[in-house]
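*Asks:* Have a look at the structure that comes next, please.
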Amino acid sequence: MRKKLVAMMLLACTVFTATACGNASDSASASESHSSTTGSALFTGELEKNVTIQVLENDTAISEGYFQELIDAFNEAYKDQGIQAVDANMDQYLDLANDGPYGYGPDVLYQANDVIMQYAEGKHILPLPAEDLDCYDQIPESAWEAYQTEVDGTTYTCGVPVNVQAPMLYYRKDLLPEDWETTWDEDSNGVPDMVESWSKMYEYSALRHTEDSSKYGYMKSLNDMYFSSGFLFSYGAYIFGENNTDPSDIGFAAGEAEKGAQVLSQLASVMNEDCIDDTITTNAYSKLGDGTYFATISTPDVYTTFLEELEKSYEEQGMTEDEAETLAEENLVMTSLPALPASGDLTDGTTETVDSMSMGGVNGYAISSYTEAPNACLEFVKFATSYDMIKTRAEMLGIAPAREDVAEEVGGTSKQIYENLDKGNIILMPSITEVSQIWTPGQTFFIDLAKDAYRPEAEKKYTDLASLKEGLTDMSNQIHEAITTLQ
């Protein structure tokens, strides 16, 4: 009850500059009194005493032990100041907009940029003094932009980037053909062809299943809009116009997006019907671990989950724990996505390719507008985004750090992700509320596309590029209708 009362008082107070993240009409006084990346006036620098901060982290960080290590380190550092951080013990997908005003919600939350910025528009999170954070100069502008909104010429930052999320290819090195160096490395560069080319991945997937009907090559649920949309982007599609700020311009059918849809349909044909729903998304860890699947796509933050499943599989084969751990680290490979055929046809045998593009995001921390201890919360965010804690997070969870100094230190896939971000091959999710309307129509189309691979020939809906274009156009129209209805 006390939290609810305090929150209502804060929302009514004129010094509460979180209004800058809301309607422009409310922001005149805020823009007159703040600099380019203004934080709420509640951040006075004076730490609240004897407070407990409820922190909402993601499930992976909790299950892998990182979050406990983080709060233990923070609590030790701030025990003399009477500040303690604890697990909010809430679902990671908690709806702060509906629950926060009633006193149910975390003080600090870790979410993707599109989720956090929806909270920003509703004034449910505080604008932060970003330039005061020690990580400010280490995080690239593109990552900060994902958490920024501009009102009357003033930029407000409503979250602190922690890691860049983008799809990566996971595969088992020990499941490559024994003769891959002579038969699956045409350019003799020491990298298997099937992890450099989707056409070769398609070919190898078909071969592996032919040789053993219980085994598969590449496997992924196509109904996952986050992963599947990248195939469309690779051929000219986009989400919204004007750099993802104009929701009246929906671009999933733009360019030659139908070529990307054709590639997905061809890949579905060498999977099984599990690709239609969430089955592969759910079982990919164990199936890659036991060798049923050769490859899949997921994000860097779940690397440790794949690794643990592979270790478990090796131990079940009679290896010691140390042997299993060593072999798993050697054989589980996470790398950039393969190149796509420029033609959009995995079977045409041509060598002309285009880079694979993907939808990505930036996960980070935000502070609830309903907290009673904003300064203590900011201190926690500073601590959690420090060099040492981000490095620990990267080592324990396999994330791609948003901090450039940590990314340089850990190397590997972090460098690959930054290169793709710089090239424009990672399309960050829009930070506007309308993005919430793309998922259902998108999922509906991709489910239908996956089903088409298993329909009798006479019943197939997508028989050529023109019909795929029509399906994507219909999907875009449904998104437009959903956005219009929302408004």
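The values are calculated or read from the model by the stated rules, or taken from the named source; none is laboratory data. Just so it is clear, the structure is predicted and the values come from calculations on it, not from any experiment. Please note: Cβ atoms are built from the backbone with ideal geometry, for glycine as well, and neighbour counts cover all protein chains shown. Accessible surface areas use protein heavy atoms only, side chains included; no ligands, DNA or RNA. Shrake-Rupley method; radii C 1.70, N 1.55, O 1.52, S 1.80 Å.
*Asks:* So if I check each of Glu434, Glu470, Glu457, which one is open to solvent by 60 Å² or more (accessible area, probe 1.4 Å) and modelled with pLDDT under 95? Break it down stepwise before answering.
*Replies:* Working: Glu434 fails: open to solvent by 60 Å² or more (accessible area, probe 1.4 Å); Glu470 fails: modelled with pLDDT under 95.
Result of the check over Glu434, Glu470, Glu457: Glu457.
*Asks:* Oh, and also: Just to be sure, is Asp134 open to solvent by 30 Å² or more (accessible area, probe 1.4 Å) and either under 21 Å from Thr299 (Cβ atoms) or among the acidic types (Asp, Glu) (or both)?
*Replies:* Yes; evaluated as a whole, the condition is true for this residue.
*Asks:* Looking only at the stretch 51-68, how many residues end up being farther than 14 Å from Glu379 by Cα and out of contact with any Lys or Arg (no Cβ under 9 Å at 6 or more places or on another chain)?
*Replies:* Looking only at that region, the number is 11.
*Asks:* Listed residues Ile116, Ile62; which is surrounded by 20 or more Cβ atoms within 10 Å (Cβ to Cβ) and among the hydrophobic types (A, V, I, L, M, F, W, C)?
*Replies:* Ile116
*Asks:* Filter the stretch 384-407 down to residues that are part of a loop (DSSP other than H, G, I, E, B), over 17 Å from the mean Cα position of the chain (by Cα) and surrounded by 24 or more Cβ atoms within 10 Å (Cβ to Cβ), then give me how many there are.
*Replies:* 1
*Asks:* Report yes if Leu42 is assigned to a loop (DSSP other than H, G, I, E, B), over 21 Å from the mean Cα position of the chain (by Cα) and buried (at least 19 other Cβ atoms within 10 Å of the Cβ), otherwise no. First the steps, then the outcome.
*Replies:* Working: assigned to a loop (DSSP other than H, G, I, E, B): yes; over 21 Å from the mean Cα position of the chain (by Cα): yes; buried (at least 19 other Cβ atoms within 10 Å of the Cβ): yes.
It is true that Leu42 is assigned to a loop (DSSP other than H, G, I, E, B), over 21 Å from the mean Cα position of the chain (by Cα) and buried (at least 19 other Cβ atoms within 10 Å of the Cβ).
*Asks:* Are any residues in the stretch 144-160 β-branched (Val, Ile, Thr) and assigned to a loop (DSSP other than H, G, I, E, B), and if so, which ones?
*Replies:* Passing the criteria: none in range.
*Asks:* Only residues that are out of contact with any Lys or Arg (no Cβ under 8 Å at 6 or more places or on another chain) and either of a type outside the set (S, T, N, Q) or not in a helix (DSSP H, G or I) (or both): list them for the stretch 409-426, please.
*Replies:* Gly411, Gly412, Lys415, Ile417, Tyr418, Glu419, Leu421, Asp422, Lys423, Gly424, Asn425, Ile426
*Asks:* Give the number of residues within the stretch 47-59 that are within 18 Å of Met90 (Cα to Cα) and either assigned to a helix (DSSP H, G or I) or open to solvent by 30 Å² or more (accessible area, probe 1.4 Å) (or both).
*Replies:* So the count comes out to 3.
*Asks:* Still on this structure, please answer the following. Taking the stretch 161-193, which residues are polar (S, T, N, Q) and either closer than 30 Å to Trp144 by Cβ or not in a loop (DSSP other than H, G, I, E, B) (or both)?
*Replies:* Asn163, Gln165, Thr182, Thr183
*Asks:* Within the stretch 223-249, take every residue that is of a type in the set (D, E, K, R) and closer than 20 Å to Val362 by Cβ and give me the one that is surrounded by the most Cβ atoms within 10 Å (Cβ to Cβ). Give the steps one after another, and end with the answer.
*Replies:* Taking the stretch 223-249 as the starting set, the residues that turn out to be of a type in the set (D, E, K, R) are 224, 242, 246, 249.
Cutting the leftovers down to closer than 20 Å to Val362 by Cβ gives us 224, 242.
Working: Asp224: 20, Glu242: 9.
Checking each candidate, the answer is Asp224.
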